[in-house]
Amino acid sequence: MLDPITQELAKDKPPVDGETGENGTAADEDSDDWEDQDDGFVDVKASAGLHHRNIDNRLASVQNRLPFSFHPNFRPLTISDLDSCEVLENGAFENPAHRCTREKFEYRLTACPEICFGVFCTILPEDFERFQIDTFPTSHAVETRRENGGRSVLVAHIVATKSDEAVVTDAAMGYPRDFRARTPGTSLLGHDDTGRTVCIHSLAVHPRLQSCGLGKCIVKSYLQHVQSSGFADRCALICQDYLVSYYEKLGFSHMGPSSAGFGGGGWNDMVLDFDRFHMHMPEIKI
Ligand SMILES: CC(C)(COP(=O)(O)OP(=O)(O)OC[C@H]1O[C@@H](n2cnc3c(N)ncnc32)[C@H](O)[C@@H]1OP(=O)(O)O)[C@@H](O)C(=O)NCCC(=O)NCCS
């Protein structure tokens, strides 16, 4: 089981436009500044309970879209998040053929929840009145007895499986239809627990919060977590042409056209090899 990436990044409210953050970065420069940094990864925790002020500053654009304080929490997904993942996926992916189906989510969140992560935001019922987000109704209470009714609402997710192939294949994208009855690890489709490649199948940011840096944040945090956990040698994904440069900026290499026919094909193979990447990684500041 992976350690939850318990973020304390929102314990201090992110700086608003015009203010200067703790690392000297103005809030309105957050995304570009992040891109220009040579560290490759955000400063993710080595253990729970550490502050993530650099992420904090970089996510000021998210704060600017919200009428309440943004207190994000990164944690592994569980099967109880199934409804929220489905809603988020359907809202984020315009092309229905590119979406992960509910049943596939159920399979992945059952087979390997420890490598599937979500970004959650605490939202109070009165905040929901001012900021309608469709993952609120499917969310869970932050604490069952919490008097203010705060709920932990999914705003972004990464859903993955492991494979022994170096790139994402149709077999890795698939799943055994009888998975509820089948003994885990007995199918050539879907998650291979002994595989050394983490295949990211679904990256989605809620449409109301896209282009604020949240996608980069969750990918970088996720990559660093997988890399430091040591259970994989690389991360792989497939993407359409328009996102190749997006992933290249995040450290992935473009391996050419993918043979995957999922959703009609036309995909590119993107791979980030941790061995090669490690050489360029600075020491993680905690
Ligand atoms: C792709 C996605 C995960 C990026 O997350 P995000 O938080 O919106 O993006 P970030 O703020 O981290 O980065 C923004 C950059 O993403 C890229 N980008 C995002 N969506 C894009 C699109 N539809 N077309 C082209 N570029 C896009 C651009 O480079 C953009 O730069 P800009 O803000 O200067 O325009 C998010 O937009 C999303 O969920 N999209 C729908 C689902 C999807 O396509 N997932 C990826 C499958 S491989």
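The values are calculated or read from the model by the stated rules, or taken from the named source; none is laboratory data. What you are looking at is a predicted structure, and each value in this text was computed from that prediction instead of being measured. Ideal geometry is used to build each Cβ from the backbone, glycine not excepted, and the neighbour counts take in all protein chains shown. Keep in mind that these areas ignore ligands, DNA and RNA; they rest on the heavy atoms of the full protein, side chains included. Shrake-Rupley method; radii C 1.70, N 1.55, O 1.52, S 1.80 Å.
What number goes with the only condition from (1) outside any strand (DSSP E or B); (2) modelled with pLDDT of 95 or more that Lys285 does not pass?
(2)
Of the residues in region 138-164, how many are out of contact with any Ser or Thr (no Cβ under 6 Å at 6 or more places or on another chain), under 30 Å from Ser253 (Cα atoms) and not basic (Lys, Arg)?
Number of matching residues: 7.
Restricting region 212-266 to residues that are within 16 Å of the chain's Cα centre (by Cα), at pLDDT 95 or above and among the hydroxyl-bearing types (Ser, Thr, Tyr), which is nearest to the ligand (Cβ to nearest atom)?
Once the filter is applied, the top-ranked residue is Tyr246.
Say whether the condition of being among the hydroxyl-bearing types (Ser, Thr, Tyr) and either touching a Leu at 6+ places or on another chain (Cβ under 6 Å) or over 26 Å from Pro257 (Cβ atoms) (or both) is met by at least one residue in region 196-205. Write out each step before concluding.
Residues of region 196-205 that are among the hydroxyl-bearing types (Ser, Thr, Tyr), as a first pass: 197, 202.
Checking the rest, the ones that are also either touching a Leu at 6+ places or on another chain (Cβ under 6 Å) or over 26 Å from Pro257 (Cβ atoms) (or both) come to none.
No - not one qualifying residue is present in region 196-205.
Among (1) open to solvent by 10 Å² or more (accessible area, probe 1.4 Å); (2) at pLDDT 95 or above, where does Glu143 come up short?
(2)
Counting residues that are within 25 Å of His201 (Cβ to Cβ), which helices (runs of 4 or more DSSP H) fully inside region 54-152 reach at least 3? Walk me through how you get there before you give the answer.
On the way: elements: 60-65, 82-92, 102-111, 125-130.
Qualifying helices (runs of 4 or more DSSP H): 82-92, 102-111.
Among the residues of region 184-208, write down those that are among the polar types (S, T, N, Q) and more than 24 Å from Gln132 (Cα to Cα).
Hits for region 184-208 are Thr186, Ser187, Thr194, Thr197.
What is the residue count in region 152-196 for residues that are surrounded by 17 or more Cβ atoms within 10 Å (Cβ to Cβ), without any contact (Cβ under 8 Å) to a residue 60 or more places away in the chain, over 20 Å from Gly230 (Cα atoms) and of a type in the set (Ser, Thr, Tyr)?
1
Based on what the data block shows, is Ala97 of a type in the set (Gly, Ala, Ser) and either over 19 Å from the mean Cα position of the chain (by Cα) or modelled with pLDDT of 95 or more (or both)?
Values: of a type in the set (Gly, Ala, Ser): yes; either over 19 Å from the mean Cα position of the chain (by Cα) or modelled with pLDDT of 95 or more (or both): yes.
Taking the combined requirement at face value, the residue satisfies it.
What are the residues in region 184-211 that are away from the ligand (no atom under 12 Å from the Cβ) and of a type outside the set (D, E, K, R), if any? Lay out the reasoning, then the answer.
Just the residues of region 184-211 that are away from the ligand (no atom under 12 Å from the Cβ), to begin with: 184-198.
Listed by number, the residues that qualify are Pro184, Gly185, Thr186, Ser187, Leu188, Leu189, Gly190, His191, Thr194, Gly195, Thr197, Val198.
Can you run down the residue pairs with Cβ atoms below 6 Å, 6 or more apart or on separate chains, where the first is in region 217-243 and under 27 Å from Gly265 (Cα atoms) and the partner is open to solvent by 40 Å² or more (accessible area, probe 1.4 Å)?
Here the result reads Ala232/Arg196; Asp233/Arg196; Arg234/Asp273; Ala236/Val167, each pair linking region 217-243 to a residue that is open to solvent by 40 Å² or more (accessible area, probe 1.4 Å).
Looking at region 123-150, which of its residues are within 14 Å of Pro72 (Cβ to Cβ) and free of Cβ contacts under 8 Å to residues at least 40 places away in the same chain?
Val142, Gly150, listed by residue number.
Considering only region 97-127, how many residues are small (Gly, Ala, Ser) and within 15 Å of the ligand (Cβ to nearest atom)?
Looking only at region 97-127, we keep the residues that are small (Gly, Ala, Ser), and these are 97, 111, 118.
Among the residues that remain, those that are also within 15 Å of the ligand (Cβ to nearest atom) are: 97, 118.
Here the count works out to 2.
Please work out which one of (1) buried (at least 18 other Cβ atoms within 10 Å of the Cβ); (2) within 16 Å of the ligand (Cβ to nearest atom) is the condition Glu94 fails and give its number.
Failed condition: (1).
Every residue, every condition in (1) farther than 17 Å from Pro76 by Cβ; (2) open to solvent by less than 60 Å² (accessible area, probe 1.4 Å); (3) among the hydrophobic types (A, V, I, L, M, F, W, C), yes or no:
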| site | (1), (2), (3) |
| --- | --- |
| Leu214 | yes, yes, yes |
| Ser229 | no, yes, no |
| Asp241 | yes, no, no |
| Leu250 | yes, yes, yes |
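Would a scan of region 70-77 turn up a residue that is within 21 Å of Pro176 (Cα to Cα) and at pLDDT 95 or above? So that I can check it myself, show each step before the final result.
Going through region 70-77, the residues within 21 Å of Pro176 (Cα to Cα) turn out to be 77.
With at pLDDT 95 or above added as a condition, the list becomes 77.
Yes, that holds for at least one residue.
Can you pull out the residues in region 198-212 that are free of Cβ contacts under 8 Å to residues at least 60 places away in the same chain, touching a helix residue (DSSP H, G or I) at 6+ places or on another chain (Cβ under 7 Å) and open to solvent by 10 Å² or more (accessible area, probe 1.4 Å)?
Answer for region 198-212, where residues must be free of Cβ contacts under 8 Å to residues at least 60 places away in the same chain, touching a helix residue (DSSP H, G or I) at 6+ places or on another chain (Cβ under 7 Å) and open to solvent by 10 Å² or more (accessible area, probe 1.4 Å): just Leu203.
Can you pull out the residues in region 153-175 that are assigned to a loop (DSSP other than H, G, I, E, B) and small (Gly, Ala, Ser)?
First pass over region 153-175, keeping only residues assigned to a loop (DSSP other than H, G, I, E, B): 164-169, 174-175.
If the condition is that a residue be assigned to a loop (DSSP other than H, G, I, E, B) and small (Gly, Ala, Ser), then Ala166, Gly174 are the ones that fit.
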